[in-house]
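First the structure, in the form of structure tokens, and then the observations on it.
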Amino acid sequence: MTTIPSLAQAPPLVLTVAGSDSGGGAGIQADLKTMLALGVHGMSVVAAVTAQNSLGVQGYWELPPEAVRAQLDSVLSDIGVHAIKTGMLASTVLVETVAEALAATDAPAVVDPVGVSKHGDSLLAPDAVHAVRSALLPVATVVTPNLFEVEQLTGVKVVDEAGMREAAEAVKALGPRWVLIKGGHLPGEPADLLFDGEHEHRFTAPRHDNRHTHGTGCTLASAIASHLAMGEDVPAAVAKSKEYVTGAIAAGFPLGSGIGPVDHAWRHR
């Protein structure tokens, strides 16, 4: 005799607003894999579609703002969220559309200010950088720029770990509550700096000799949003997310002829 299980309670709810990666290693695909791996219910608003593989981005097409707004309204009005993560938003109008939605919700927002792909392909229109600065960052709970994005947003160029505090202060001045400067591209031990305007938290991890790191930024930001949805404070959410993404990098695997993805399911294999 089959026992019918009782209705389960929904897990924490996390929404990603980002671009689709046809190769499955980054973007919305990476976000949803991360959320599943960490035990939250992932939902998605597609802001752009990319033609992308292990060799790079061959093209991208942003969705009309009314389509993005409709997706946001659909999820937020009926299901609700415990945290939101943003990634590739492509254009000024999409950045402003998403910023307006974030301002209207109390859920914490993790903003990954995506400027270029892992391969160096631009994913943000030059005129949209101002909108990221003026509209999106002021409504962010945590913003997670890499060193290129720091320079793009503030003009501050970081060449060593000593420069990360200046970078954090420059990004913090744009309005987010917390800034996580990702220092993985610097020589030596990978170190990230979390800053709230007063207090610093430094996170380090071993450097793994693995070139298959596609999707690290998306994965980290999605993990932070997931842990915030589960009730962690920002420093604890970043610490746990750093541990998760470090394991995913260590288990990254080859795919196609170029850079393969991190392994989002590394804890389950």
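Here semi-axes √(5λ) of the Cα gyration tensor in Å was calculated from the structure, and among (1) 25, 22, 20; (2) 40, 19, 15; (3) 32, 18, 17 it sits at label (1). Each DSSP beta bridge with both residues in the chain is either parallel or antiparallel, and the antiparallel ones are about 40%. Only aspartates and glutamates eight or more places from LYS240 in sequence, or on another chain, were considered; those with a Cα closer than 15 Å are ASP192, GLU232. Could you tell me which of rounded, prolate or oblate describes the stretch 67-177, using a ≥ b ≥ c as the square roots of the eigenvalues of the alpha-carbon gyration tensor, with rounded for a/c under 1.5 and, failing that, prolate when a/b is larger than b/c and oblate otherwise? In terms of gyration-tensor shape, prolate. In a reduced charge model with +1 at each Lys and Arg Cβ and -1 at each Asp and Glu Cβ, the stretch 1-108 shows a dipole moment near 340 debye about its Cα centre.
Label sites at GLU66 and GLU200, each approximated as a point 7 angstrom past Cα along Cα to Cβ, lie 5.0 nm apart.
Using the Cβ of GLY59 as centre and a radius below 14 Å, the other residues enclosed give a net charge of -3, where K and R count +1 and D and E count -1. The separation of the stretch 1-79 from the stretch 197-214, counted between C-alpha centres, amounts to 25 Å. Return the whole-Å distance between the Cα centroid of the stretch 106-164 and the Cα centroid of the stretch 219-243. Their Cα centres are 18 Å away from one another. How much of the accessible area of the chain, in percent, comes from carbon and sulfur atoms when a 1.4 Å probe is used? With neighbouring chains kept in place, the figure for the chain is 55 percent. Counting only heavy atoms of protein chains, what accessible area per residue, in Å², does the chain have with a probe of 1.4 Å? The answer is 44 Å² per residue. Of all lysines in the structure, those lying under 24 Å Cα to Cα from LYS157, and not within fewer than 8 positions of it along the same chain, are LYS118, LYS172, LYS182, LYS242. In this label model, ASP78 and ASN210 are separated by 3.8 nm, measuring between points 7 Å along each Cα→Cβ vector.
The values are calculated or read from the model by the stated rules, or taken from the named source; none is laboratory data. Keep in mind that what you see is a predicted model, and the values were worked out from it rather than measured. Here the Cβ is made from the backbone with ideal geometry for all residues, glycine too, and neighbour counts use every protein chain on show. Each accessible area value is taken on the protein alone, full model and side chains, heavy atoms only, with ligands, DNA and RNA left out. Shrake-Rupley method; radii C 1.70, N 1.55, O 1.52, S 1.80 Å.
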